[in-house]
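The values are calculated or read from the model by the stated rules, or taken from the named source; none is laboratory data. Only a predicted model underlies this, so the values are computations on that prediction, with no experimental measurement involved. Heads up, the Cβs are rebuilt from the backbone with ideal geometry, glycines too, and the neighbour counts pull from every protein chain shown. Heavy atoms of the whole protein, side chains included, go into the accessibility calculation; ligands, DNA and RNA do not. Shrake-Rupley method; radii C 1.70, N 1.55, O 1.52, S 1.80 Å.
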Amino acid sequence: MTETTCCCPVKKETDFRNATGLYIALLGQPNAGKSTFFNYLTGSNQHVGNWPGKTVEKKTGMFVRNGKTYHITDLPGSYSLSANSQEEMVTRDFIASGQADLVCILADASQLERSMFMVADYSGIKCPVILIINMIDVAQKQGKTINGQLLEKRLGIPVVLMSASQKKEYDSFIEALDRPLQSLKTEALFAKYKEALGNTFTGLCELTKNEDCKFFSSEWLAIKLLENDKDIILKKRKQNLPLSIENTIKVGSCKFDWIKELLDGIVTGGTKNSEKMGRFDRIATSHIWGKPLAVLLLVFGLVMSFAITVPWMFFSFKLPRIIFPFIHNWLSGLGSPGWTISLSETLFNACGTSIGMIGFIAGSSLVFGFLEDVGYMARVAYVFDGAMSKIKLQGKSMMAFMMSFGCSMGGSLGARVVDSWGQRVLTMALAWLMPCAGTWAVISVFGTAFFGINTIWILLSMFLCSAIIMLIAAKVFSPKLVGKTAQYGMIMELPPYHAPKWGSLFRLVFSRMGSFAKRAFTFILGVTAVFWFLAFTPDGHIENSLIYKFGTYIEPVTMWVGLRWQTFVAFVCSMMGKEAALGVLSSVFGTVSQVVGRGEVSPDLATQMSSVLTKAEALAFMFAFYFNIPCFVAVLSMKEESHSLKWTLRIMAFYITIALIMSASAYYIGMMIF
Amino acid sequence: MSTLNIQKTGTCCRVIGLQGDSHFLSRIIAIGLTPGCEVEILRNRKRQPLILFARDSMIALSRKESENILIKAL
Ligand SMILES: Nc1nc2c(ncn2[C@@H]2O[C@H](COP(=O)(O)OP(=O)(O)O)[C@@H](O)[C@H]2O)c(=O)[nH]1
Ligand SMILES: [Mg+2]
């Protein structure tokens, strides 16, 4: 950026504006109800992606009311418009680029003073504003009344009082959109700045006067300079600026003084002496009971989501086996070649699995969505903050880790509650280290075959390695994904509990199921078909399959890490699904004639394996298998939730590398021991 | 004058000053803890972040950060 354009990143205004209609940007502090508002307005007309070149999520959508089209962008960000985080920078750049005709600022009526800070911080930006005072129902329950008309007069902009969770209340918002666009009145706030900072403020205003800024007034820039704003200071570093902590604090005080005067006579009533921390919260945040309660609720949630899904899953796993015999008879009746029967059976089973997975998605989305919606997640973030901040994550990441013990996909879904994109991706990545149900099954069968009861020690060393790898992964990925934000301690609001909004909750569940189903079917069936093709042999002898040829061909290489061709093939196939490994092992050790699809475990698998593999080789396989990427459905949901192919591939590469390193280490250590 | 981290659960106090780098200042100001603001300590136990009540909201604040908030008991 050159000196002349200074603080405004002047982008082509046509960038996003290829359609007609009003462009709205949503701004507001966390828990003000932005997501609720956005989801109600746009319904399923949403697009979620990332801001170009940034590790920040971008949500855009559109809606049509009374024949007019509106485009809406949910601006990321936290409590202010400072340049503290990527989210806030994205928000600022978006406003500066002129891509919004109108900014809607959301404030929480039940904590109006605090949440009006965003309005104060916005003052001086020249893009028109509508103020939405949300959660009016909560304020009413507190006995507060808010005089919207008077506030409108004082601010000079439309003010809408509403509850974002009530559909009928959106009419007043739509009406406000039809009113002429207006900018915030700033005189009173700027007078406060002048009073408190005198020439320091006016001098800086002079200095920033000639900046070529369409949307940021010189006063706004001056204030950001006084707040030590990194982004703006960098561009102006030639001048000697009057920067000090005192000035930053004075500016903050001015903002709240202005808010106090602004709201004087506008908010009336409200019980002062209501209980500040409810009984439940006393337990939920207690140093003794907080963590057990969170774990208990989570386990309960897991059980609930399984209770919802198990009948469904049972049905969908069983269905192919019930239907398939008929298909089988039909196909053989037609005289179809053997491979068609084998392929269709494989695909049938894959369909069953996918449908079962959709059930799991539904169950866990519902449970997680519920815990999030009522406001409990903030408490989880609080109690696990200490533990999780060591690996650069939020306390909320704990949820995803616990879910992963059931299924790695649950981990990806659980990570949804983490509100920073980078930390969410890191959470999903680390959750892959948690052994899922399939991993347990294979490790226990394989382990007992070779090591009997001593498998316990192997498991313990795997856990230990997991912990170390977790630290390494956090170190490797956090600089890019999390950056510096995590080095600061927690400063967070614990929002009041709200009744769950069943309507939007179920809409969320259905949209997740839909988007998973759409991709899963094509993808799961595609990948399954590829694996089937690689492992198919017309005569049932594995020696004639492509996978055998490939496996034996590179065995000299895979033996470096202690994997024989059989275990290497099982390792590769376990990327399709961990539990698939047992079926593959059964067939490569020559007892079952089909590799992919049936997943049958032969009863004498153990004896057969131990006649071929040494103990060191078995150990190598166990480690390779344990640390491998969970399954491609997990990969798929990682891609789905992160919207980033690049990061998905990076994380996959990391795990495959780690798995091979672990395999080699186990192999050589094993050779020393046995 | 004292700092927030050593206040007992249940005490009420008023913020009279802030210390720290500008990143911290901007975050703590944005959540509403500016000089003059009244704060009630709802929870303060070793090795756990503090929970405060200020400006009608419950706020969780790490111990390290709370050392930088200067207060006067009320
Ligand atoms: N009672 C009530 N609750 C609301 C209203 N708007 C949002 N909520 C709830 O407030 C919480 C935070 O809302 P959310 O949209 O996630 O806020 P965001 O952090 O700004 O995205 C959720 O539990 C919502 O269900 C409202 O108008 N009335
Ligand atoms: Mg949100």
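Phi angles of the range B:26-36 translate, via the Karplus equation with coefficients 6.51, -1.76, 1.60 and θ = phi - 60°, into HN-Hα couplings of 5, 6, 6, 5, 5, 8, x, 8, 10, x, x Hz per residue; Gly and Pro are given as x.
Here's how it looks for B:Ser2: its modeled amide H is under 5 Å from those of B:Ile71, which are all 5 or more places away or on a different chain.
Once you average over the residues of A:628-639, how many Cβ atoms of partner chains fall within 10 Å of each Cβ?
0
Rg/Rh for the range A:188-268 (Cα atoms only, Rh after Kirkwood) is 1.02. Here the contact order of chain A, divided by its residue count and restricted to Cα pairs under 8 Å and six or more residues apart, works out to 10 percent.
The region of chain A that goes longest without hitting one of the GluC sites (Glu not before Pro) in a DSSP loop, each with at most 15 other Cβ atoms within 10 Å, is A:276-599. This model, with +1 at the C-beta of Lys and Arg and -1 at the C-beta of Asp and Glu, gives the range A:188-268 a dipole about its Cα centre of some 320 debye. Note on chain A: Cα Rg divided by 2.2 N^0.38 Å, N the number of residues, gives 1.12. For the range A:13-184, with all protein chains in place and a probe radius of 1.4 Å, 49% of the accessible heavy-atom surface sits on carbon or sulfur. Dipole of the protein assembly as shown computed with +1 at Lys/Arg Cβ and -1 at Asp/Glu Cβ about the Cα centre; of B:Gly17, A:Tyr667, A:Ala474, farthest Cα towards the positive end is B:Gly17.
Pull out a ≥ b ≥ c, the square roots of the eigenvalues of the alpha-carbon gyration tensor of the range A:530-673, then state rounded if a/c is under 1.5, prolate if not and a/b is larger than b/c, and oblate in the remaining case.
oblate
Over all other residues within a Cβ to Cβ distance under 14 Å of A:Ala620, the charged ones net out to 0, with Lys and Arg as +1 and Asp and Glu as -1. Here the Karplus curve 6.51 cos²θ - 1.76 cosθ + 1.60, taken at θ = phi - 60°, turns the phi angles of the range A:642-648 into couplings of 9, 6, 9, 5, 4, 5, 4 Hz, with x standing for Gly and Pro. Taking every residue in A:82-90 and counting other chain Cβ atoms within 10 Å of its Cβ, the average works out to 2.
Can you tell me how the range A:262-420 classifies by the Cα gyration tensor, rounded, prolate or oblate, using a/c under 1.5 as the rounded cut? Taking the square roots of the gyration eigenvalues as a ≥ b ≥ c, the range A:262-420 is prolate.
For the pairing of chain A with chain B, what total accessible surface becomes buried, with a 1.4 angstrom probe, in square angstrom to the nearest 100? Please list the in-between numbers first.
Numbers: alone 30340 and 4760 Å², together 31700 Å².
Roughly 3400 Å².
Please label the shape of the range B:2-73 as rounded, prolate or oblate, based on the square roots a ≥ b ≥ c of the eigenvalues of the alpha-carbon gyration tensor (a/c under 1.5 means rounded; beyond that, a/b larger than b/c means prolate, else oblate). Since a/c stays below 1.5, the shape of the range B:2-73 is classed as rounded.
Computed about the Cα centre, the dipole magnitude for the protein assembly as shown is approximately 800 debye when only Lys and Arg (+1) and Asp and Glu (-1) carry charge, each at its Cβ. Given a cut-off of 21 Å, name the pairs among B:Lys8/B:Lys72; A:Lys230/A:Lys480; A:Lys194/A:Lys224; A:Lys54/A:Lys255; A:Lys167/A:Lys501; A:Lys54/A:Lys392 whose C-alpha atoms lie farther apart than that in the structure shown. Long pairs (Cα-Cα over 21 Å): A:Lys54/A:Lys255.
Any idea of the accessible area per residue across the protein assembly as shown, 1.4 Å probe, to the nearest Å²?
So the protein assembly as shown comes to 42 Å² accessible per residue, rounded to a whole number.
For A:Lys396, the lysines whose Cα falls under 18 Å of its own Cα, not counting residues fewer than eight places away in the same chain, are A:Lys291. Taking θ as phi - 60° and the Karplus parameters 6.51, -1.76 and 1.60, the scalar couplings of the range A:367-380 work out to 5, 5, x, 5, 4, 5, 5, 6, x, 6, 4, 4, 6, 4 Hz in sequence order, x denoting glycine and proline.
Based on C-alpha pairs under 8 angstrom that are at least 6 apart in sequence, the range A:54-142 has a relative contact order of 23 percent.
Residue by residue along B:28-41, Cβ atoms of other protein chains within 10 Å of the local Cβ number 6 on average. When the Cα positions of B:Cys37, A:Leu459, A:Thr91 are compared along the charge dipole of the protein assembly as shown, B:Cys37 comes out farthest toward the positive end, with charges on each C-beta of Lys, Arg, Asp and Glu.
Within 15 Å, Cβ to Cβ, of A:Thr522, how many net charges do the neighbouring residues add up to if Lys/Arg are +1 and Asp/Glu are -1?
+2
Look at the alpha carbon pairs under 8 Å that are at least 6 residues apart: their mean separation over the length of the range A:153-220 gives a relative contact order of 26 percent. One decimal place: the segment A:Leu150-A:Leu460 gains 105.0 nm when fully extended, by the rule 0.36 nm per residue minus the C-alpha distance. Under a model in which nothing but the beta-carbon of Lys, Arg (+1) and Asp, Glu (-1) is charged, the range B:8-74 shows a dipole of about 340 debye around its Cα centre.
Other residues within the sphere of radius under 9 Å centred on the Cβ of B:Arg63, judged by their own Cβ, net out at +1 (K and R +1, D and E -1). Measuring nothing but protein heavy atoms, the accessible surface of the range A:530-673 at 1.4 Å probe radius is 68 percent carbon and sulfur. Here's the picture: charge each Lys and Arg Cβ at +1 and each Asp and Glu Cβ at -1 in the range A:254-388, and of A:Leu263, A:Gly375, A:Val303 the one pushed furthest to the positive end of that dipole is A:Val303. Around the amide H of B:Cys37, modelled in the peptide plane, lie the amide H atoms of B:Val15, all under 5 Å away and 5 or more residues distant in sequence or on another chain. When DSSP beta bridges are restricted to pairs lying wholly in chain A, around 45% turn out antiparallel. Close amide H pairs (under 5 Å, H built 1.01 Å from N) link A:Asn50 with A:Lys58, residues at least 5 positions away or on another chain. Only aspartates and glutamates eight or more places from A:Lys639 in sequence, or on another chain, were considered; those with a Cα closer than 18 Å are A:Glu57, A:Asp419.
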